[in-house]
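What follows is a short report on a single structure.
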Amino acid sequence: MHTHEQYSATSLQFFLAIPFILLFVFYIVAVGLSNRKKKPWSVFRLVAWSFGVLCALLATIGPIADLGHMNFSVHMIGHVLLGMLAPLLMALGAPIKLLLRTISVYTARKLTTILRRNIFLHFVQHPIIASLLNIGGLWVLYTTDLFLMMHENMLLYVIIHVHIFLAGYVFAVSIIYVDLVIIRKSYLYRTVVFLFALAGHSVLAKYIYANPPSGVPIDQAEFGSMIMYYGGDTVEIGLISILFYQWYKKSRPILNNGKDGFAISTKKFTVAGTDIEEVKRLNANAGMSYREINEWFAKKQSKAGTVTKKR
């Protein structure tokens, strides 16, 4: 026979799981609508989003969610899934880009304008603020009585789990730019902020090892802190690898396979991909520079205007 507490726990799990199920359904529908009008949506992004939702569901419903109330080590597995791995994978799914592809051009422009003018999003998406919300929130949770209170109050339990996921997601999108970005910071800036956040997460894991949260047995705290430390490092290695890969793509030299083998190209290109040096060479062969051509054209227009006035 089920107790009232068991019914409450089951209801709580479904309450947390439903938003992720709906997000998955909406994403699949959006992919179908987008593919009808535009080129096929990235399979990689679809798979990343799907696995991200799966990680979130594993943390919010089922055995991990059940045992997480009683075992701190299992709770930490849920933390890594819900607060770190799911946000990273779902960020790689680029849901805002998909949404903008799905809706009309007019609506997409209006939505983009609203997002770019939103001061709150400007504030939250700043890498330092996102780091404080993410890592700082964990410090408050595990170094105060909040962790014990969370398991005694259903509303507080929901709020904290929602915060853990959203803070992890905002942190991921503030470090790697795979979706619509309101404010852009340099790769060096984001790397420095990320390293400080990484240090804060690692120090917290060691602190938990030596100072268990309220009501947590020492053996569970030690094992749970190791899950947090090594599991968190694994996800963070993936995050910084993506950041460095983006940095490399942005600044890598262009390789030419010429007669002398591969060589680094020093050519400069415009945003449209035009070879600047080639344009200069063609202008020189024509006998006039780009500036001289403009001056000649201006004189021609001036003479044509004078003749028209005389007539």
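A DSSP coil position with no more than 12 other Cβ atoms inside 10 Å describes the following trypsin sites (Lys or Arg not before Pro) in segment 5-77: 38.
The simple spin-label model puts a point 7 Å past each Cα toward its Cβ; for residue 163 and residue 13 those points are separated by 2.5 nm. Note on residue 206/residue 28: beta-carbon distance plugged into 1/(1 + (r/R0)^6) with R0 of 35 Å gives a FRET efficiency of 0.25.
Only the coordinates and a few stated rules stand behind these numbers; no lab work does. Please read these numbers as outputs of a predicted model, since none were measured by experiment. Counting neighbours? That spans all protein chains shown, and the Cβs are built from the backbone with ideal geometry, glycine included.
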